[in-house]
Structures are given as structure tokens and as C-alpha cells.
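Report on one structure; see the data block that follows.
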Amino acid sequence: MILLPAIDMKDGRCVRLKKGEFSTVSQVANSALETARAFAAAGAKWIHMVDLDGARDGVRHNFPLIYEVIQQSGLSVELGGGIKNELDVITIGEAGAARMVIGSAAVTKPEVVDYALRQYGPDRVAVGIDCLDGRVRTAGWEQDSGLDCLELARRMEEQGVKTLIFTDIATDGMLSGPSFDQLAALQKAVGCDIVASGGVTTLDDVKRLRDMGLYGAIIGKAYYAGTLDLAEAIREAGPQS
């Protein structure tokens, strides 16, 4: 299972939120590039980055700093936040992101997913399924789409998506453990590679997700709060290819 330590960017700062609420924003690191290099030193091969400003208002204030990580960290960058149209797909793809994460547009403009798959293939495209109480949220998690998360997962698999990133918003940034039951239900519903996001807090969480056979897990607040040693977690997760 690959581990993807995370950096969320807002107003040029490395931040974390609780349950995706922008009112809870707090800075957790000074430099995105130096933080990424620390991840690499711990043995990470991937990094998960989110452009929060892009997700909320579509403006890429943080892109120069994100591009610096793509070009200089030595890590494969999985990048989401504000990929809303074909131009965004090209921008992220040509910047060198190893994998782009399409969120809200998968619900509101599924043709954007089709375009990304045609341009870059399934290995470089993921869909983020962000759920609260089983329903998909969009627009930086601020809007309820009314769509069941398993239904969206099935639609995306039918469109040719290979990788799904599942976030239970209720656990995100709360250090409360992942939503194992929802992840298991998703595994039964589709054959896609699944990345768990939200709530991964302890080494036992990592072991349990690994033993479930998940493709990956995102490590966010647990790293910054010190509840999880990244190097130890990577050793438990296994080869990071």
C-alpha cells in the first residue's frame, strides 16, 4: 500500500482544516518544498497536494509553490483542487503532476473526466469522492450534491476511472480513525484502486488499511500532530511503487 503524506495549500501557506471547514484553517508548515523533502527523506515516493483556493474559487494562487514541489521534490505529486474544465486538466497535466484528482467536476461535468482520461490515460487521473453521511459533497465540500457516494463510484468506474480517492469528511483532520466500514463497502461496489483519505491517525490504522488490500492511504494531520511516524508507517505499508 502506498502512503501519500499530504500538503494542503491556501493563500500560499501549508495548512490543515477540520472536516473541510475553512473557518478551522491553521498553518502547519513554513515551506511546501521543504516539507515535501522531509516526506521523501522518510521514504515516501508520493505526495498528495490540494489547492484549497482552487477548489473553492477556481483561482490558482498557490500554483507557483505547487509547481516547485512537482519539479524539485523528487516525489510523484498527486494534485487536486479546482480541476473544473479542460483547460485545468491541461494545466495540471503539462505541469508534470503524476496524477490529477478531479472532484466536483466528476459530478457536475463528467465530460471533464472523459477528456482527462483521453488526454493522459487512467494512470494519471483519479476521481475524488468526498462524502458526508454517505452523500457526495462538492465545491470544496461546501455543497451537498444529493448523490450517493457508491453510485458516483460506479459511474466513474464505468467511465474508465482506475483510481478513486475516498474521503469521509466527518473524519478529515479529526484524528479519529478512518471510516473502515465505508471503505469496505466501496471495495465491494467497484474494482477500482482505492485511496483512503481522512482520519488516518495511528500505525494500527495503517496496518488495518493495508490488510484490507487498499491501494493507498493519505496521511495528513497525523503527520503534523506527531501521532504517526511517517518512516515507520511507510515500512509497515510496504513497497512504495
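Ile234 falls short on exactly one of the conditions (1) crowded, with 20+ Cβ neighbours inside 10 Å; (2) at pLDDT below 95, and that condition is (2). Condition check for Gly173 on (1) within 19 Å of Met9 (Cα to Cα); (2) modelled with pLDDT under 95; (3) open to solvent by less than 20 Å² (accessible area, probe 1.4 Å); (4) in contact with a Gly (Cβ under 6 Å, 6 or more places away or on another chain): one failure, at (4).
Could you tell me whether any residue of the stretch 91-103 is more than 13 Å from the chain's Cα centre (by Cα), of a type in the set (D, E, K, R) and assigned to a loop (DSSP other than H, G, I, E, B)? For the stretch 91-103, residues more than 13 Å from the chain's Cα centre (by Cα), of a type in the set (D, E, K, R) and assigned to a loop (DSSP other than H, G, I, E, B): absent. Considering the stretch 104-113, and only residues there that are open to solvent by 60 Å² or more (accessible area, probe 1.4 Å) and either in a helix (DSSP H, G or I) or in contact with a strand residue (DSSP E or B) (Cβ under 8 Å, 6 or more places away or on another chain) (or both), the residue that is modelled with the lowest pLDDT turns out to be Thr108.
Taken as a whole, the stretch 53-65 holds no residue that is under 29 Å from Glu236 (Cα atoms) and crowded, with 20+ Cβ neighbours inside 10 Å.
The set of residues in the stretch 176-211 being among the charged types (D, E, K, R) and either open to solvent by 60 Å² or more (accessible area, probe 1.4 Å) or more than 23 Å from Gly80 (Cα to Cα) (or both) consists of Asp181, Lys188, Asp204, Asp205, Lys207, Arg208, Arg210, Asp211. Among the conditions (1) assigned to a helix (DSSP H, G or I); (2) closer than 25 Å to Asp53 by Cβ, Val136 misses just one, which is (1).
Applying the condition of being within 14 Å of the chain's Cα centre (by Cα) and either among the charged types (D, E, K, R) or surrounded by fewer than 23 Cβ atoms within 10 Å (Cβ to Cβ) (or both) to the stretch 141-168 and asking which residue is modelled with the highest pLDDT yields Thr163. When Thr138 is tested against (1) β-branched (Val, Ile, Thr); (2) closer than 15 Å to Met1 by Cβ; (3) touching a helix residue (DSSP H, G or I) at 6+ places or on another chain (Cβ under 7 Å), only condition (2) is not met.
For the stretch 75-84, filtered to residues that are at pLDDT 95 or above and open to solvent by 10 Å² or more (accessible area, probe 1.4 Å), the residue that is farthest from Glu111 (Cα to Cα) is Leu75.
The values are calculated or read from the model by the stated rules, or taken from the named source; none is laboratory data. As the structure is a prediction and not an experimental result, all values here were calculated from the model. Glycine gets a Cβ as well: all are built from the backbone with ideal geometry, and neighbour counts include every protein chain shown. Just the protein is used for accessible areas: all its heavy atoms, side chains included, with ligands, DNA and RNA removed. Shrake-Rupley method; radii C 1.70, N 1.55, O 1.52, S 1.80 Å.
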